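Participant: Take a look at the following structure, please.
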Amino acid sequence: MIQTFTLKAKFLVLLLGICFSMVLFETDGSNNLRLYGHLFTANETATFVAILDQMQTELKLVVANLANNNVSLAQNHANKAASLLSPRILVEIAEDNPGLASDVRRAVIQLQNVTSSSESQQKSISERVNDLNKRLEGDAMVRIAQLPPSSSNILEALKSLASMFGGNNEELDQTTKIQALAFANVIDGVLINYGNAYRVGFDMTNMSNMAMIGNNSIPGPMAMSNPATGSNSGASNMNMNMNSMNRSSNNMTEHGGELNTGYSLVNVSDYQSANALATKAFEVFNAKLKHTTVSNNKNVTAYVTNLENGLTQLNDSIAKKASPQDVMMIVHIQIHPNLLEAFNLELRK
């Protein structure tokens, strides 16, 4: 009963965020109003981990394009890796591993200036990227391990530590929550790159833009229910249901052409980034989220299953070059709500 109420309350926040979006806007440097593109509360460590994930992805795309003898696209991805390697990120890497910060900076500059896709060049760059990516992954793990216990209670801290070594603590540990937030940031990267690839002209991470491009795409009526328990509540007049929204997303994937408003692919490197980041997100899910203690809790299994299905749809849709609307709907209707519930993430206030 409590879980059903919590689900409804969180969906009310999401829906009211769309209907009354004027409450949430902020002003950017050009005096234009924009909404928060990301639903979840920001976390510095999660952002850092996600940037390292994206950097690894861009470096792998350099190697992949050189293997296809496309030096121009390889340079594009090197430039994207360089844009991720901001001074702040370099400083953060250097705090943990000064040698890695120096090596990755030097490597990115060299990759930006690569002019040959010869076999020897490919082999050298592939080996270097593989080494850097392993070290970047290690740095992300170090950063997460440095987090202080989330609870001031020493007993709670010990319980969390025990769960990391195979204990039976059912509560969501801080590490898993950080990984879930980092995963959400990678998904944002998918949307940003896909939007740039098709030059959509709006922020695909901004949930309220769904009303602009697909306000007739969600069928109704639908009754609010808990996908984990199947219970319905007649007290709510909100005709929205996570299972129904998941089915809506499935239908959109199958009939994507019906909603395509004529967007054409204009940037191949951005498309490659979106495709590779979707793959990376699935890897993160499988390695760090799918088999956590909390995901084995029968009360959240349905959310985790729905999240996995959403990732499958996302990867399939991008591989098929589906319309930006379809990709956006899969993320905001299937991935985000299930991620929210499965890992108890907090919304921006």
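The values are calculated or read from the model by the stated rules, or taken from the named source; none is laboratory data. Please read these numbers as outputs of a predicted model, since none were measured by experiment. As a convention, Cβ positions derive from the backbone with ideal geometry for all residues, glycine included, and neighbour counts pool all protein chains shown. Ligands, DNA and RNA are stripped out before the accessible areas are found, and what is left, the full protein with its side chains, is counted by its heavy atoms. Shrake-Rupley method; radii C 1.70, N 1.55, O 1.52, S 1.80 Å.
Participant: Answer with yes or no whether Ile93 is within 24 Å of Thr47 (Cβ to Cβ), open to solvent by less than 60 Å² (accessible area, probe 1.4 Å) and modelled with pLDDT under 95. Outline the logic, then answer.
Facilitator: Working: within 24 Å of Thr47 (Cβ to Cβ): yes; open to solvent by less than 60 Å² (accessible area, probe 1.4 Å): yes; modelled with pLDDT under 95: no.
Spelling it out, it is not the case that Ile93 is within 24 Å of Thr47 (Cβ to Cβ), open to solvent by less than 60 Å² (accessible area, probe 1.4 Å) and modelled with pLDDT under 95.
Participant: Would you check if there is a residue in the range 130-152 being open to solvent by 70 Å² or more (accessible area, probe 1.4 Å), over 26 Å from the mean Cα position of the chain (by Cα) and either hydrophobic (A, V, I, L, M, F, W, C) or at pLDDT below 95 (or both)?
Facilitator: yes
Participant: Picking from Ser116, Ser120, which residue would you name as being of a type in the set (S, T, N, Q), in contact (Cβ under 8 Å) with a residue 24 or more places away in the chain and farther than 29 Å from Glu44 by Cβ? Spell out the reasoning first.
Facilitator: Values: Ser120 fails: in contact (Cβ under 8 Å) with a residue 24 or more places away in the chain.
Checking each option against the conditions leaves just Ser116.
Participant: For the subset of the range 300-349 comprising residues that are part of a helix (DSSP H, G or I) and among the charged types (D, E, K, R), which member is least open to solvent (accessible area, probe 1.4 Å)? Break it down into steps so the answer makes sense when it comes.
Facilitator: Just the residues of the range 300-349 that are part of a helix (DSSP H, G or I), to begin with: 301-319, 324-342.
Now restrict to residues that are among the charged types (D, E, K, R): 308, 316, 326, 341.
Numbers: Glu308: 48, Asp316: 74, Asp326: 3, Glu341: 21 Å².
Residue satisfying both the conditions and the ranking: Asp326.
Participant: Here's another thing I want to ask about it. When you scan the range 163-213, how many residues do you find that are under 25 Å from Met141 (Cβ atoms), at pLDDT below 75 and of a type outside the set (D, E, K, R)?
Facilitator: Qualifying residue count, the range 163-213: 8.
Participant: Taking into account only those residues within the range 328-349 that are among the aliphatic types (A, V, I, L, M) and touching a strand residue (DSSP E or B) at 6+ places or on another chain (Cβ under 7 Å), which is farthest from Ala180 (Cα to Cα)? Lay out the reasoning, then the answer.
Facilitator: Filtering the range 328-349 down to residues among the aliphatic types (A, V, I, L, M) leaves 328-331, 333, 335, 339-340, 342, 345, 347.
Checking which are touching a strand residue (DSSP E or B) at 6+ places or on another chain (Cβ under 7 Å) leaves us with 345, 347.
Numbers: Leu345: 8, Leu347: 13 Å.
Per the criteria, the residue is Leu347.
Participant: With (1) modelled with pLDDT of 95 or more; (2) open to solvent by 60 Å² or more (accessible area, probe 1.4 Å) as the list, and Ser102 as the residue in question, which single condition is left unmet?
Facilitator: (2) is the only condition that Ser102 fails.
Participant: Ala64 fails exactly one of the following numbered conditions: (1) modelled with pLDDT of 95 or more; (2) touching a helix residue (DSSP H, G or I) at 6+ places or on another chain (Cβ under 6 Å); (3) more than 21 Å from Leu181 (Cα to Cα). What is the number of that condition?
Facilitator: Ala64 satisfies every listed condition except (2).
Participant: Looking at Ala82, Ala101, Ala78, Ala46, which is the one that is touching a helix residue (DSSP H, G or I) at 6+ places or on another chain (Cβ under 8 Å) and under 18 Å from Asn275 (Cβ atoms)?
Facilitator: Numbers: Ala82 fails: under 18 Å from Asn275 (Cβ atoms); Ala101 fails: under 18 Å from Asn275 (Cβ atoms); Ala46 fails: under 18 Å from Asn275 (Cβ atoms).
One residue alone meets the criteria, Ala78.
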